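Single-structure report; data block below.
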Amino acid sequence: MIEWYKTSKREDTQLADRRVWRSKCGHYRVEESTIRYGNRTDRHGNHLGYPTFYRAMVLKDFGWDILSYHRKRGPAVASCEYFHEHGHPKPPKTKKRKKVRRAGNS
C-alpha cells in the first residue's frame, strides 16, 4: 500500500491551475488539472469551461508517465495502487454485449 502526503502542492501554469498529491516514496503522484480557458459561468449558473480531471502518474527513467485519466481523485489513487501491486496499469473494462432480439423466436 502506498503512503500519501495529506496536503497537496500547487503547480500553476499559464494554461491550468494544478494541484499535486505525492506519495511518500516519491514514485507516484496524482495531479488535478483545471483548464483556465473558458473557466466561467453563464447567467444561469452553468459552468462553461472544461471539466476538472485527474491524472495518475508514475516516475519512469526520464520523467513522469501517465497511467490513466479520471474525473475523481479516488479512482486515480486506486490506479496508482494497482500499478504498485501488479506492475502494470489496470486494464480497461470491456463493454457488455447487448442481446439481440430476433423476429420469430417467441
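From the Cα gyration tensor of segment 44-84, with a ≥ b ≥ c the square roots of its eigenvalues, which class applies: rounded if a/c is under 1.5, or else prolate if a/b is larger than b/c, or else oblate?
oblate
Can you give me the distance in nm between label points at residue 5 and residue 48, each placed 7 Å from the Cα along the Cα-to-Cβ direction?
Those two pseudo-labels are separated by 3.6 nm.
What stretch of the chain, leaving out the sites themselves, is the longest with no chymotrypsin sites (Phe, Trp or Tyr not before Pro) in a DSSP loop having at most 16 other Cβ atoms within 10 Å?
Maximal segment without exposed cleavage sites: 63-106.
Suppose the Debye formula is applied to equal point scatterers at every Cα of segment 9-86; what is log10 I(q)/I(0) at q = 0.15 Å⁻¹?
Each listed q corresponds, in turn, to -0.57.
Considering the dipole of the chain built from charges on the beta carbon (Lys and Arg +1, Asp and Glu -1) around the Cα centre, which of 50, 28, 104 is farthest to its positive end?
The residue sitting most towards the positive pole is 104.
To the nearest 20 debye, what is the magnitude of the charge dipole of segment 9-86 about its Cα centre, counting +1 on the Cβ of each Lys and Arg and -1 on the Cβ of each Asp and Glu?
Roughly 300 debye for segment 9-86.
Read-outs throughout are calculated quantities, based only on the coordinates presented, and are distinct from any laboratory measurement. Being a predicted model, the structure only gives us computed values, none of them experimental. Every residue, glycine as well, gets a Cβ built from its backbone with ideal geometry; the counts of neighbours run over all protein chains shown.
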